[in-house]
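Read the figures in this text as sums done on the coordinates, not as results from a lab. As the structure is a computational prediction, the values presented were derived from the model and not from experiment. Cβ: placed from backbone, ideal geometry, glycine included. Neighbour counts: every protein chain shown.
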Amino acid sequence: MLNEILFYLLIVTCYIRAVIRTTGGLHILQLDGYKPQRYLKWISEHIRSCFEIIEILLIAGVLVVISVFPSILSTWSYTVICLTWTAFLVFRIISRKRITAKKPLVFTARAKRLFGLALAMLVVVAIMFVSYVNEESWRIGFFLFSELSVPILAVSSFVIWPLEQTINNIYLRDARKRIKTLQPKIVGITGSYGKTSTKYILQQILSQKYNTLMTPDSYNTPMGICKVIRGDLLPKHKFFIVEMGAYKRGDIRELCRLAPPEIGILTAVGPVHLERFKTIENTTRAKYELIEALPQNGLAVINADNEICAKLAETTDSVPVIQYGITANHSVRLSAKNIIQNEKGLTFTVFDEEAGAVKITTRLLGKHNVSNILAAISVALHCGMTLLEIQSAVSTLEPVPHRLQLVKGVAGVTIIDDSFNSNPEGAKAALEVLTDFLSEKQGKKVLVTPGMVELGAREYDENRHFGSEAAKVCDHIILVGKIRTAPILDGLKNENYPDQKISIVNNLDEAQQHLQTRLKPGDVVLFENDLPDNYNEVS
């Protein structure tokens with residue numbers, strides 16, 4: 001009787017631990033868009049955090065010993081084993097690491113359905129085990145129950161996928177119907193980088209004259225855009241600016257069916273998300289789907305400074321094209337000259353072949369933002385705004401959150417927050433900002449970074465080059481994640497950067513603690529990229 005009570009107590013304890021671990025797995029799934037294949041890949045890269053290898057080996061060892069020497073397992077020893085293991089599990093539950101998530105798990109309707117299915121499947125497994133296993137020796141195998149949380153969640157994500165797709169299709173049909181009813185003028189924006197900043201800039205400019213809605217943050221997937229259409233798009237909105245992201249060919253074509261654009265902006269094509277696209281050619285074709293979706297009376301706005309985009313612009317004859325650029329050698333409709341950058345922002349002159357010239361002043365940092373502003377100006381002119389109206393709007397632009405956003409820190413320290421994302425061009429621009437910002441000051445230039453990800457075969461070389469360039473600019477560098485930042489470290493060593501000026505930490509919290517002991521008034525800290533929780537390294 002006592003052993004039976006202890007066994008059921010063990011069941012409850014194992015289940016509680018399984019629930020906790022399932023919650024952690026659900027968080028990872030949510031961060032990766034509930035894609036089962038991506039979750040399996042994450043599991044393969046984080047085996048140590050998904051399974052307690054030592055516990056598995058210990059329990060397997062106990063089972064082997066009992067199988068070989070069954071006389072060892074007496075009623076008394078079984079009682080001791082159950083009590084010991086239950087106490088151990090309680091200890092592991094109470095003493096587990098509680099790390100504050102950068103983007104916490106949100107129990108949306110979809111998350112609740114998946115979570116409920118996974119917990120139900122765990123219950124079924126527990127009931128089946130109790131029903132069919134009576135021998136005390138084999139009941140010890142139930143100690144491994146909590147290790148089933150990861151594979152069962154993975155199975156649940158596959159099982160529930162058809163249902164979720166059905167629900168999504170219902171939402172998408174409703175969103176398409178709403179678009180047809182309201183008929184806003186839709187501006188689609190895509191590119192390997194620059195699309196979110198361009199979206200924010202264009203929204204702030206157009207809003208000076210027209211009622212304008214944009215997809216917030218990085219809502220650039222079908223369901224993210226669908227949510228905005230169904231929840232925020234109103235009859236009063238004349239313009240709807242839609243950021244369009246892609247991880248494979250066909251993604252943007254699908255988004256254009258959801259929100260058919262009249263104007264399309266192509267900011268750049270580069271080595272971003274190559275882990276998924278595999279080749280630059282695939283990236284190019286995927287991004288160009290936006291231009292292909294435009295009507296004949298629409299408008300394509302394309303960055304001529306990007307070599308790939310310039311070639312696409314020259315071959316586009318299905319729709320009128322406006323090219324813009326800063327360094328383009330050939331003729332462009334809009335260009336910028338006399339660019340000056342300091343801690344107050346950017347100043348430059350915009351030349352338009354039709355509207356003339358105007359001097360622009362903005363608080364935005366980063367010379368790459370000149371390109372983003374030119375893209376937005378091209379659309380604003382096409383939509384009926386004058387250069388003077390645009391000049392006034394640009395002067396009031398608010399910095400895009402976490403994209404070279406200037407933040408006043410404590411004790412006279414300045415923070416340049418470029419933590420949202422990073423790519424080779426953006427990282428280069430951030431280092432230029434850091435250089436220009438302190439050109440006449442004596443403070444230290446400090447870089448905090450985990451490096452760049454999803455660059456495929458080019459990831460090592462791009463991060464190594466980033467390290468080499470950072471060595472020429474920074475007085476101290478904090479690398480977040482020993483394994484992931486190894487290429488940056490190689491780049492630093494290649495430039496003979498002093499070891500005492502390099503710090504390697506496990507996470508951003510450790511980096512913050514490290515900064516507190518090193519910074520002085522007048523110093524500037526650049527946070528270049530901040531990877532989401534599913535990229536955390538196991539310390």
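Assorted remarks:
- Structure-based [θ]222 nm, the chain - -39500 (n - 2.57) summed over DSSP H runs of at least 4, per residue, nearest 500: -15500 deg cm²/dmol
- Put simply, the amide H of Asn529, placed in the peptide plane, has neighbours under 5 Å in Asp418, Ser419, Phe420, Asn421, leaving out anything fewer than 5 places away on its chain.
- Remark: the stretch 382-387, residue by residue, has Karplus-estimated 3J(HN,Hα) of 5, 8, x, 8, 8, 4 Hz, where x stands for each Gly or Pro and the curve is 6.51 cos²θ - 1.76 cosθ + 1.60 at θ = phi - 60°.
- Pairs from Lys199/Lys445; Lys195/Lys227; Lys428/Lys493; Lys236/Lys367; Lys199/Lys238; Lys367/Lys472 whose Cα-Cα separation, in the structure shown, is over 23 Å: Lys199/Lys445; Lys236/Lys367
- Computed over the stretch 165-224, the P(r) curve from all C-alpha pair distances, binned at 10 Å from the origin, holds 18, 44, 32, 5, 0 percent per bin.
- Rounded, prolate or oblate (a/c below 1.5 giving rounded, otherwise prolate when a/b exceeds b/c) for the stretch 210-338 by Cα gyration tensor: oblate
- Normalised Debye scattering of the stretch 116-228 at q = 0.22 Å⁻¹ gives log10 I(q)/I(0) of -1.20, counting only Cα atoms as equal scatterers and leaving out solvent.
- 27 Å Cα-Cα reach of Lys41 towards lysines, excluding residues that sit fewer than 8 places from it in its own chain: Lys97, Lys102, Lys103, Lys112, Lys248, Lys278, Lys287, Lys482
- Relative compactness, the stretch 333-436, computed as alpha-carbon Rg over 2.2 N^0.38 Å: 1.12
- Mean Cβ neighbour count within 10 Å, used as a protection proxy, ranking 375-387, 167-179 highest first: 375-387, 167-179
- Reducing the stretch 361-421 and the stretch 150-225 to their Cα centroids gives an inter-centroid distance of 23 Å.
- Relative contact order of the stretch 182-395, pairs being alpha-carbon contacts under 8 Å that are 6 or more residues apart, as %: 20
- At 0.890 mPa s and 25 °C, Stokes diffusion of the stretch 313-386 via Kirkwood alpha-carbon radius, µm² per second: 189
- With θ taken as phi - 60° and the Karplus curve 6.51 cos²θ - 1.76 cosθ + 1.60 applied, the whole-hertz 3J(HN,Hα) list for the stretch 472-486 is 7, 10, 8, 8, 8, 10, 10, 9, 9, x, 4, 6, 5, 8, 4 Hz, x standing for glycine and proline.
- Other residues lying with their Cβ under 9 Å from the Cβ of Ile229 contribute a combined charge of +2, Lys and Arg counting +1, Asp and Glu -1.
- Rounded FRET efficiency, nearest 0.05, which uses the C-beta distance separating Ser395 from Glu354 and R0 of 22 Å: 0.50
- In the stretch 405-535, the C-alpha radius of gyration followed by the widest Cα-Cα span (Dmax) gives 13.5, 42 angstrom.
- Hz values of 3J(HN,Hα) by residue in the stretch 398-408 - Karplus curve (6.51, -1.76, 1.60), Gly and Pro given as x: 8, x, 6, x, 6, 10, 6, 8, 7, 10, 7
- Residue order, fewest to most beta carbons within 10 Å, for Val321, Val394, Val125: Val125, Val321, Val394
- Overall Cα dimensions of the chain - principal axes, largest extent first, Å: 94, 60, 38
- When each of the peptides 334-341, 229-236, 424-431, 260-267 is scored by the mean number of other C-beta atoms lying within 10 Å of its residues, the order from highest to lowest reads 260-267, 424-431, 334-341, 229-236.
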